[in-house]
Amino acid sequence: MAPLSNDDFKDMQGLLRFGYGKLTQACFLLLRIDESASASRWLGQAPVTTAETQNPPPSRALQIAITAQGLKKLRVPEEVINAFSPEFISGMTGEDNRSRRLGDVGANSPDQWLWGQQSSVPDIVVLLYEQSSLHEWKNTIESQVESSGFALLRTLVTTNMGGVEPFGFVDGVSNPAVDWERRRDSSGDKLSYGNLSMLGEFVLGYPNEYGRYTTRPILENSTADLPNAEDAPAKKDLGRNGTYLVMRQLDQDVHGFWQFLNEQTGGDSDHAQKLAELFVGRRMSGESLPPQSNEPIEGVGPAADDIRRNQFTFDSDPQGVLCPFGSHIRRANPRNIDLPSDTPRGALGRLSRILALNRVLSKDPAPLHFDRVASTRFHRLIRRGREYGPPLTQDQRKAAPIPNEPASGLHFICLNANIGRQFEFIQGSWLQSTTFDGLRDEDDPLVGIRQTAAGCPASRFSLPTDAGLRQQIHNIPRFVTVRGGAYFFLPGIRALRYIARVGTSS
């Protein structure tokens, strides 16, 4: 397959390719469309930052994403909207079953949210990233949109915490490597863990890990200024170079987290930190708990920090002693635990891998040991979240909150081409699962909701030991509460201009 051209990168919003980590100031404007023609005119000329490489890099970046409701207000034809994924069309809060699968029940229920429930789903989010003068630029953009047919529902502010999330762990150290060069072949055996993913896992209009093109709106008999569909060259592709953006506002009970750990360890600070690291599955510095592998992993490196933090599998920890089975990172990216261990090696090892592949391909329903976790490579995300709240020292995290202390948390943002297979699967089948990898009655120690689908408590965490017995931590409270969320479409630049033209020409 031909590598992406610069025209493709110019047609792509920059957030897909860059995390804008050096643009440390950021905020997100949640907007409602009140007057579609005026709003469309602003969208048609908005200064969106592209994914092409610039030298020097831009000192600010503006990105735009639209909900299904927003597309309707912009008068995009119904048949075009219906070609997007059903998850995007119905929205994050559109079905009770979806809310239950995502863990959005009880305190996380949408009716408790600050934004994103049925009556307050934004039409558009404008994401602003700046190097040094965000406040002035934000005021300028807010003034523009409020005089262009939009109403500002809410501004989500962020805090530069120096790459550390509110609980105190180095964040953003592990993302899949995207095959921008389009050299990866998704066919054939994939019986070892790799971190390189097909472009179509994250960008619509390109083959994914199945070697197929994800369903998206394709226009027939159209002369619109849109890219041609790669899998149907005579048609125009509204989805190409775009993706789905998932946003969730997650309040973190920082003081409750550390006070619980302190109680469990009798006030031993070192022990409390060790237990926290077992909950997360990484050291607070971002280092992995299992040792670095001697074998390179495709898609990891060449940066030394990346190799040090991500060149590992769970082969060296088959019993979960170093990194417990239920830890956060093991749930979020199980790496190679869907595959047989490297041992036994030699001919027997190769045979066991072939048998495992056959089980996957034949869809054999037999409950075999190695099939407890679905294949990892089909469930990856690009994370682009930003923290909010007051930056705290470790001593301040462990202490009681000061009166009227602002909430801390994460504006979780991820990019994926298939919301159901990627974000919703990870959230529902791995993070919130109380039976993940053979466990029982325990969910993710960081983001779990502490109850099973039947409403029973799921508030424990197992710590396997070398002796084969498991220690357990009980009565773990909830540390993270969802405060808002929505599904957006982050269109390519030409798709955004097309959507804007539809709104002004209707």
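Rule-based calculations on the coordinates, nothing more; no lab input. What you are looking at is a predicted structure, and each value in this text was computed from that prediction instead of being measured. Ideal geometry is used to build each Cβ from the backbone, glycine not excepted, and the neighbour counts take in all protein chains shown.
Recomputing Rg and Dmax of the Cα atoms in Å from the coordinates shown identifies the correct label among [x] 27.9, 91; [y] 22.9, 71; [z] 25.7, 91 as [y].
Under Stokes-Einstein, with the Kirkwood radius over Cα pairs standing in for Rh, what whole-number D in µm²/s applies to region 189-297 at 37 °C and 0.692 mPa s? The diffusion coefficient I find is 175 µm²/s.
Would you work out if region 1-97 is rounded, prolate or oblate? Take a ≥ b ≥ c from the square roots of the eigenvalues of the alpha-carbon gyration tensor; rounded if a/c is under 1.5, else prolate when a/b is larger than b/c, oblate otherwise. Judged from the Cα gyration tensor, region 1-97 comes out prolate (a/c at least 1.5, a/b above b/c). Which angle between 0 and 90 degrees, to the nearest 10, do you get for helix 493-505 versus the longest principal axis of the chain when only C-alpha atoms count? Approximately 40 degrees, to the nearest 10. Under the combined filter of DSSP loop state and at most 14 neighbouring Cβ atoms within 10 Å, region 1-73 retains these trypsin sites (Lys or Arg not before Pro): LYS22. If the viscosity is 1.002 mPa s and the temperature 20 °C, what translational diffusion coefficient in µm²/s does Stokes-Einstein give for region 402-497 when Rh comes from Kirkwood over Cα pairs? Rounded, D is 132 µm²/s. Quick one: grab the alpha carbon gyration tensor of region 192-250, order the square roots of its eigenvalues as a ≥ b ≥ c, and give me rounded if a/c is under 1.5, else prolate or oblate depending on whether a/b is larger than b/c. Taking the square roots of the gyration eigenvalues as a ≥ b ≥ c, region 192-250 is oblate. For ALA400 and SER375, the difference between the fully extended length at 0.36 nm per residue and the C-alpha to C-alpha distance is 4.8 nm.
For region 68-170, what class follows from the C-alpha gyration tensor (a ≥ b ≥ c being the square roots of its eigenvalues): rounded when a/c is under 1.5, otherwise prolate if a/b is larger than b/c, else oblate?
Oblate is the answer for region 68-170, as a/c is 1.5 or above yet b/c matches or exceeds a/b.
Entry note, the chain: relative contact order of 24 percent, from Cα contacts under 8 Å with a spacing of 6+ residues. When DSSP assigns beta bridges and you keep just the ones with both residues in the chain, what percent turn out antiparallel, to the nearest 5? About 95 percent, rounded to the nearest 5. Where the centroid of each part is defined by its Cα atoms, how far is region 108-163 from region 42-93 in Å? Rounded to whole Å, the Cα centres lie 15 Å apart.
Of the residues PRO457, PHE28, GLN259, the one whose Cα sits farthest towards the positive end of the charge dipole of the chain is PHE28 (charges of +1 on Lys and Arg Cβ, -1 on Asp and Glu Cβ, taken about the Cα centre). Put simply, when 182-188, 62-68 are sorted by average Cβ atoms within 10 angstrom per residue, most first, you get 62-68, 182-188. Within straight-line reach of LYS190, meaning a Cα separation under 17 Å, sit the following aspartates and glutamates at least 8 residues removed in sequence or on another chain: ASP179, GLU201, GLU209, GLU295, GLU298, ASP315, ASP338, ASP342, ASP371. For a paramagnetic label modelled on ASN262 (point 7 Å from Cα along Cα→Cβ), amide N atoms under 16 Å away belong, within region 148-168, to 167-168. Using the rule -39500 (n - 2.57) for each DSSP H run of four or more residues, divided by the residues of the chain, the 222 nm mean residue ellipticity is -6500 deg cm²/dmol. Using a Cα-Cα cut-off of under 28 Å, which lysines could be cross-linked to LYS236, ignoring same-chain neighbours fewer than 8 residues away? Qualifying lysines at Cα under 28 Å: LYS10, LYS72, LYS73.
Could you grab the relative contact order for region 1-86? Cα pairs under 8 Å, six or more apart, rounded to a whole percent. RCO, region 1-86: 37 percent.
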